[in-house]
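S.K.: My structure is below; once you've seen it, I'll send some questions.
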Amino acid sequence: MSVRMSKLYGMDIFSDGGKYLGKVFDIIVDVEKGEVVRVTLESIHAASRDEAQRIIKEKTILYKNVKSVEDVIVVSKTGAGASASYAYAPTKEEAEQSLSFLK
């Protein structure tokens, strides 16, 4: 799937079951790989480092879980059963790497 990154900002995000999850506020990109890694449901621009870590932990969706980008973004759950989640809790190393722009 190929789409302009600028098109993603502000798009509504829905689960594949039709539940509204929020809007795209920020996009986290792996510059070395040239790919989108996560989309955030809350802005991290004015956040403190601790707040940005919380947002990345609790309010992000792995882009690999995006199933469709048309008029809205459709994502699938990860995991199984009651523990299934759309959010992705990164490892400490991944969180540090994602926050490198705050240094």
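The values are calculated or read from the model by the stated rules, or taken from the named source; none is laboratory data. Note that the structure is predicted; figures quoted are calculated from it, not measured. Backbone-built Cβ (ideal geometry, glycine too); neighbour counts: all protein chains shown.
S.K.: Inside the stretch 16-34, can you point out the residues that are free of Cβ contacts under 8 Å to residues at least 60 places away in the same chain and under 15 Å from E58 (Cα atoms)?
M.R.: Selection gives G22, K23, V24, F25, D26, I27.
S.K.: While we're here: How do the pairs read when you match residues in the stretch 35-60 that are without any contact (Cβ under 8 Å) to a residue 24 or more places away in the chain with residues anywhere that are basic (K, R) and in a loop (DSSP other than H, G, I, E, B), using Cβ under 7 Å and keeping only pairs 6 or more apart or on different chains?
M.R.: Hits for this filter: T40/K59; E42/K59.
S.K.: Still on this structure, please answer the following. Looking at E93, E58, E32, E51 in this structure, which one is modelled with pLDDT under 85 and of a type in the set (D, E)?
M.R.: Within the list E93, E58, E32, E51, the selection yields E93.
S.K.: Return the residues of the stretch 9-32 that are surrounded by 17 or more Cβ atoms within 10 Å (Cβ to Cβ) and among the β-branched types (V, I, T); say none if nothing qualifies.
M.R.: Answer for the stretch 9-32, where residues must be surrounded by 17 or more Cβ atoms within 10 Å (Cβ to Cβ) and among the β-branched types (V, I, T): I13, V24, I28.
S.K.: Out of all the residues in the stretch 33-65, which are surrounded by 12 or more Cβ atoms within 10 Å (Cβ to Cβ), part of a loop (DSSP other than H, G, I, E, B) and charged (D, E, K, R)?
M.R.: E42, K59
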